[in-house]
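First the structure, in the form of structure tokens, and then the observations on it.
The values are calculated or read from the model by the stated rules, or taken from the named source; none is laboratory data. Just so it is clear, the structure is predicted and the values come from calculations on it, not from any experiment. Cβ: placed from backbone, ideal geometry, glycine included. Neighbour counts: every protein chain shown. When the accessible area is computed, the model is the full protein with side chains, heavy atoms only, and any ligands, DNA or RNA have been set aside. Shrake-Rupley method; radii C 1.70, N 1.55, O 1.52, S 1.80 Å.
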Amino acid sequence: MGKLRIGLGVDFHQLTEGRDFWLGGVLVPHHKGALGHSDADVLLHAICDAMLGAASLGDIGVHFPDTDNAYKGIDSKILLQRTQQLIAEKGYQVVNIDSTLCLQAPKIKPYVPQMQEVIANILKLTTEEVSIKATTTEKLGFVGREEGVVAYATVLLEKEEVPYTR
């Protein structure tokens, strides 16, 4: 077994009328969408942050700053692909992901299998290695008032150790 590293990512976005609602690389029908510089996919952003953190590569803002117009409106699946490349350059690969979405509405259970498939395909994983859960805040706080959405992700990375040779 190689060297294991764990990372935690979290992302928050405000919800607003007139925006598409992207979660886990899937367009989820809803009357509100997340506001952000990119497509504001909180789940993919949290996963990127977890991957980057586990590899000691900083965070998503370091690599894909919201001050750079190159990332304006960008599909977060592209950011996840680029994050995969960054960790691969350091010799890491994702072992598994565990994530939680916090939102009052809409219910995302019907979309979870598609989200798992999208993420697994990008990261060269099986869908069983991508866990996506959701919870409400029982109408408490900004999430409960449907003003925002939060995602948490934990990622395990493995780096194959190169045997010492003379």
Could you sort V10, V28 by their accessible area in this structure, using a 1.4 Å probe and putting the largest first?
V10, V28
So if each residue of separation counts as 0.36 nm, and I subtract the Cα-Cα distance between V62 and D20, what length gain in nm does that give?
12.6 nm
Nearest-0.05 FRET efficiency for E161 and K72, computed from C-beta distance (R0 41 Å)
0.50
Exposure rank, largest accessible area first [I97, I6; 1.4 Å]
I6, I97
GluC sites (Glu not before Pro) lying in DSSP loop within segment 47-142, provided at most 14 other Cβ fall within 10 Å
E138
Of L57, L27, L157, L140, which has the most accessible area and how do the rest follow, probe 1.4 Å?
L140, L27, L57, L157
Net charge dipole size for segment 1-144 [Lys, Arg +1 and Asp, Glu -1 on Cβ; Debye, nearest 20]
200
How much accessible area does K77 have with a 1.4 Å probe, in Å² rounded to the nearest 10?
50
Residues of segment 24-45 with amide N under 19 Å of the 7 Å Cα→Cβ point at Q114:
24-34, 39-45
What whole number of Å gives the distance from the Cα centroid of segment 1-54 to the Cα centroid of segment 80-116?
8
So how do 60-72, 38-50 stack up, highest first, on mean other-Cβ count within 10 Å?
38-50, 60-72
Compactness of segment 14-106 as Cα Rg over 2.2 N^0.38 Å, two decimals:
1.10
Once the Cα gyration tensor of segment 31-166 is diagonalised, semi-axes √(5λ) in Å:
28, 18, 13
